[in-house]
Amino acid sequence: MVKSTLLNLRHITKTYPGVVALDRVSFDLLAGEVHALCGENGAGKSTLMNVLSGNQQPDRGEIILGGEAVVLPNQKKAQEAGIGIVYQEKSLVSELSVADNVFAGIQPCNTWGFIDRQALFAKTQDLLERLRLTTIHPQQLVSTLSPGKQQMVEIAKALAQEPNILILDEPTAALSDDDTSVVFDIVRDLKAKGVGIIYISHRMHEIFKIGDRVTVLKDGKFQGLHNTQDTNVDEIIRLMVGRDLQDLNYQDHFQSDVVLQVKDLDGEGFSDISFSLHRGEILGLAGLVGAGRTELARAIFGIDKNKTGTIKINDESVRIRHPQDAIQFGLGYLPEHRKEQGLFLDMSVVENVVSTNLDVGDSGKIWMDTAEMRRVADHFVEKLDIRTPSINQKVVYLSGGNQQKIVLGKWLLRKPDILIVDEPTHGIDVGAKSEIYRLFNELSASGTAILMISSELTELIGLCDRILVMSHGELMASIDRPDFSEEEIIQYSSGLKRMP
Amino acid sequence: MKINSNIWQDRVVTLSATILVLVVVSSIIWQGQFANLDNLSLVLLNLSIDAIVAVGMMVLLISGSFDLSVGSVVAFAGGLAAYLMYYWGVFVPVAILVSLAACLLIGLVNGALVAYVGINPLIQTLAMMGIVRGLALMVSGSGIQNLPDGFNALGQSQFMGFQSPVWYMLIVVVIFSFLVRRTIFFRRYYYIGGNEKAALLSGIRVKKMKVYSFMLASALAGLAGIILSARLGAAMPTAGQGMELRVITAVILGGASLLGGQGKIMGALLGTIFMGLVANIMILARISGYWQQIILGIILIVAVATDIIMKRRGTSPR
């Protein structure tokens with residue numbers, strides 16, 4: 001049977017200042033197929049989907065839907081054209097019912113213009129039954145559902161408009177194996193009904209389990225298109241990786257003494273984690289979104305308190321129940337989201353830099369030493385090369401790279417023995433990135449141990465002495481520098497392999 | 001860019017200037033009535049209680065919170081002290097200390113439930129406003145008069161042309177203005193109000209600090225209530241009614257933001273002075289009491305709207 005073509009993207013190009021996000025990428029989708037889209041972070045998958053869902057306009061190229069070239073100026077137009085999308089981020093209102101979420105904005109109305117509750121619930125029930133999600137009740141509040149069930153509701157919501165093209169962006173990132181198989185069942189049903197599905201995932205086995213074809217992108221460029229039957233995991237990974245390593249200059253500052261030892265640590269989102277961190281070492285922590293890396297870091301730093309296991313610092317067992325405890329023990333934590341968790345945006349550079357130094361329990365200081373604060377801030381602005389017109393500038397006006405350097409400066413001021421950094425170069429430009437790498441090398445030279453969580457394999461491979469890989473909350477592997485390979489790390493992080 | 005380049009972005013400066021203009025214009029219009037020491041002394045006396053409460057409220061707003069129960073605490077504190085002195089003959093300083101301790105306890109309950117249980121401050125302090133008003137009625141019934149002379153003297157003596165509450169107000173403002181500007185302890189409230197998550201990750205014990213701020217606000221409200229009873233020579237169960245809105249208005253006029261992270265103690269004083277002056281001018285101008293409420297409401301809206309519009313231009317006043 002010849003399947004009809006639903007969608008054709010031709011030579012799509014999209015540039016942002018300084019980056020070519022998509023470079024003449026073509027992509028097509030047939031009715032009743034699952035077309036997987038692969039690539040590392042920054043390969044252009046999200047941009048391509050944003051173009052298709054009307055959130056972004058391509059600079060050049062054509063979108064052909066059902067044989068006709070179309071322009072999708074916004075999300076609503078894309079929906080009307082039959083494109084449904086399930087985003088990685090949650091889009092549900094948790095204090096509303098399932099039905100209200102599924103039919104948000106398109107609730108059935110009665111003749112008076114009011115929402116027809118009965119019709120709404122009936123339609124939702126009908127849709128849920130078609131998806132075989134009979135354990136979800138239309139009147140249930142979304143907040144009472146498990147994350148897995150919420151993800152099903154997200155999918156139901158996308159299907160409420162009966163799209164013939166469905167985009168699933170990492171739909172299983174936060175799901176258990178059972179829930180994942182429910183999602184797969186839904187995908188197979190939709191396929192049978194002739195819906196075309198674009199499936200974005202980092203998980204190789206999923207792609208090979210339900211994908212018919214797979215397109216690989218790298219650095220915004222098309223790398224290859226294969227039938228999943230005619231290819232294998234290794235070939236796909238080979239196409240994804242091999243990005244040029246930026247000039248990172250690995251430096252060996254590894255010292256033999258252990259500064260942090262974590263043993264049998266269990267907590268929300270991870271279990272049975274044991275590893276040790278040495279003085280002067282940069283230890284990478286690789287894994288997919290939802291692998292439990294940030295949760296592990298937050299537990300070690302005392303933000304999340306529910307954990308069992310032992311943490312030893314300089315060979316002494318410690319209990320860390322508040323970030324303040326962690327700071328006293330010589331830890332620092334550069335959080336994943338600098339604007340939400342790292343910075344005081346409406347405050348000045350100097351106020352931000354000294355923020356970790358206010359609550360030093362042991363110093364017993366009462367009075368602010370403004371002159372000293374300014375001196376310290378001046379010192380860091382110079383040392384970290386933070387580009388700001390003045391140390392009185394509010395940090396909200398600074399660029400991402402400079403903001404990140406300020407968060408780093410906060411911690412350098414404490415001279416930590418152990419610095420945990422979570423996605424330290426996320427969303428900052430290439431120049432600022434290499435400066436941050438340089439600072440990490442300087443820190444490890446001075447004896448600081450760094451635990452570096454990153455989704456960019458190139459930077460982990462470029463900087464680290466060792467790399468730990470997590471998947472589904474468990475430690476899969478610990479790889480030493482001579483054995484680093486992107487292919488291996490990807491296999492461990494997608495749960496395909498585990499080190500004995 | 002726009003850093004400290006313009007002193008007119010500082011609310012303390014703009015508000016001082018506005019107050020100066022009001023004083024000059026009123027002095028010209030109501031020469032005899034306004035610009036004499038008796039009237040100005042009375043204006044200050046009338047706003048002194050509000051100003052003491054406003055200092056605690058300012059600290060709360062800096063940390064991104066607020067307290068609606070302060071008006072009730074004012075009545076309760078005066079009532080409890082009066083009750084102890086009048087019915088039990090408790091020694092004046094002891095009665096005052098017991099009353100202040102009770103207020104600290106109210107603040108502790110507010111703070112603990114907001115910080116550790118996670119009740120919204122609006123709900124928590126609204127409920128506490130009702131509870132404490134009830135307590136105030138219990139201790140002072142229909143009012144307690146004939147308080148000890150030693151107690152009344154605390155609120156009724158004169159010094160350099162001003163009655164003592166004005167001096168208490170100045171002492172509280174000067175002390176807290178200094179502490180908030182200079183101590184690490186109070187500086188943390190700016191960080192908590194600026195970004196609570198980042199404050200936690202920077203090692204600030206956010207929950208504890210929140211409890212302390214509610215205790216401070218209640219204690220200052222209690223102090224204000226005791227001073228008010230001494231000044232009137234009586235404890236009234238209706239004292240401080242509607243005060244919470246007046247004080248929050250004054251504090252926001254004085255440069256605080258409901259989002260937190262902004263404000264100065266001097267701003268709380270100036271905001272209260274501004275409100276007191278407007279009230280005085282409206283009396284001199286024979287504007288009815290109903291209009292006074294309407295005009296104060298409009299002033300608050302205008303002040304906040306200006307603030308938002310200035311922010312949108314990226315030149316937020318500090």
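What residue, among those in segment B:93-104 that are free of Cβ contacts under 8 Å to residues at least 60 places away in the same chain and open to solvent by 50 Å² or more (accessible area, probe 1.4 Å), is nearest to B:Arg205 (Cα to Cα)?
Applying the filter and picking the extreme gives B:Ala101.
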Practice problem: Among what's in segment A:257-274 and is open to solvent by 10 Å² or more (accessible area, probe 1.4 Å) and closer than 15 Å to A:Leu331 by Cβ, pick the residue that is nearest to the other protein chains (Cβ to nearest Cβ). | Solution: A:Gln261
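Residue-wise test of (1) at pLDDT 80 or above; (2) buried (at least 22 other Cβ atoms within 10 Å of the Cβ); (3) under 18 Å from A:Leu65 (Cα atoms).
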position	(1), (2), (3)
A:His11	yes, no, yes
A:Asp23	yes, no, no
A:Ala31	yes, no, yes
A:Cys38	yes, yes, no
Exercise. List the number of the failed condition for A:Gln125; all other conditions in (1) open to solvent by 50 Å² or more (accessible area, probe 1.4 Å); (2) modelled with pLDDT under 90 hold.
Key: (2)
Self-check item: Residues satisfying the stated conditions in segment B:168-182, i.e. within 11 Å of chain A (Cβ to nearest Cβ), open to solvent by 10 Å² or more (accessible area, probe 1.4 Å) and not aromatic (Phe, Trp, Tyr)
Solution: B:Leu179, B:Arg181, B:Arg182
Quiz item: Which fully enclosed helices (runs of 4 or more DSSP H) of segment A:176-283 have 1 or more residues being closer than 17 Å to A:Leu457 by Cβ?
Solution: A:204-210, A:233-240
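For A:Val421, indicate whether it is within 13 Å of chain B (Cβ to nearest Cβ), touching a residue at least 40 places away in the same chain (Cβ under 8 Å) and assigned to a helix (DSSP H, G or I).
Here the answer is no, as A:Val421 does not meet what is asked.
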Quiz prompt | Top-ranked residue in segment A:88-121 [being more than 19 Å from A:Leu141 (Cβ to Cβ) and small (Gly, Ala, Ser); ranked as most open to solvent (accessible area, probe 1.4 Å)] | solution = A:Gly113
Quiz item: What tally of residues in segment A:395-407 results from selecting those that are within 13 Å of chain B (Cβ to nearest Cβ) and modelled with pLDDT of 90 or more?
Solution: 4
Self-check item: Tally, over segment B:270-318, of residues that are modelled with pLDDT under 85, of a type in the set (Gly, Ala, Ser) and surrounded by 15 or more Cβ atoms within 10 Å (Cβ to Cβ)
Solution: 2
Quiz prompt | All positions within segment B:44-92 that are small (Gly, Ala, Ser), open to solvent by less than 20 Å² (accessible area, probe 1.4 Å) and under 25 Å from B:Gly261 (Cα atoms) | solution = B:Ala51, B:Ala54, B:Gly56, B:Ser63, B:Ser65, B:Ser69, B:Gly71
Quiz prompt | Flag for B:Gln262 being modelled with pLDDT under 95, out of contact with any helix residue (DSSP H, G or I) (no Cβ under 6 Å at 6 or more places or on another chain) and open to solvent by less than 40 Å² (accessible area, probe 1.4 Å) | solution = yes
Quiz item: Regarding B:Pro165, is this residue open to solvent by 20 Å² or more (accessible area, probe 1.4 Å) and more than 10 Å from chain A (Cβ to nearest Cβ)?
Solution: no
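Take the residues of segment A:99-157 that are part of a helix (DSSP H, G or I), small (Gly, Ala, Ser) and free of Cβ contacts under 8 Å to residues at least 24 places away in the same chain: which is nearest to A:Ser176 (Cα to Cα)?
Selected residue: A:Ala122.
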Quiz prompt | In segment A:315-328, the residues that are in contact (Cβ under 8 Å) with a residue 60 or more places away in the chain and either more than 9 Å from every other protein chain (Cβ to nearest Cβ) or surrounded by fewer than 24 Cβ atoms within 10 Å (Cβ to Cβ) (or both) | solution = none
Quiz item: Regarding A:Gly290, is this residue at pLDDT below 95, assigned to a strand (DSSP E or B) and not charged (D, E, K, R)?
Solution: no
Self-check item: Criterion: more than 22 Å from A:Gly267 (Cα to Cα), modelled with pLDDT under 90 and open to solvent by less than 10 Å² (accessible area, probe 1.4 Å) - qualifying residue of A:Glu487, A:Glu459, A:Glu435
Solution: A:Glu459
Exercise. Tell me, please, whether a residue that is of a type in the set (D, E, K, R), more than 9 Å from chain B (Cβ to nearest Cβ) and either closer than 26 Å to B:Arg182 by Cα or open to solvent by less than 30 Å² (accessible area, probe 1.4 Å) (or both) can be found in segment A:344-364.
Key: yes
Quiz item: A:Leu443: without any contact (Cβ under 8 Å) to a residue 40 or more places away in the chain, aliphatic (A, V, I, L, M) and open to solvent by less than 30 Å² (accessible area, probe 1.4 Å), yes or no?
Solution: yes
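The values are calculated or read from the model by the stated rules, or taken from the named source; none is laboratory data. Just so it is clear, the model here is predicted, and its values are computed rather than measured. Don't worry about glycine lacking a Cβ; one is built from the backbone with ideal geometry, like all the others, and counts go over all protein chains shown. Protein only, heavy atoms only, side chains kept; ligands, DNA and RNA dropped before computing areas. Shrake-Rupley method; radii C 1.70, N 1.55, O 1.52, S 1.80 Å.
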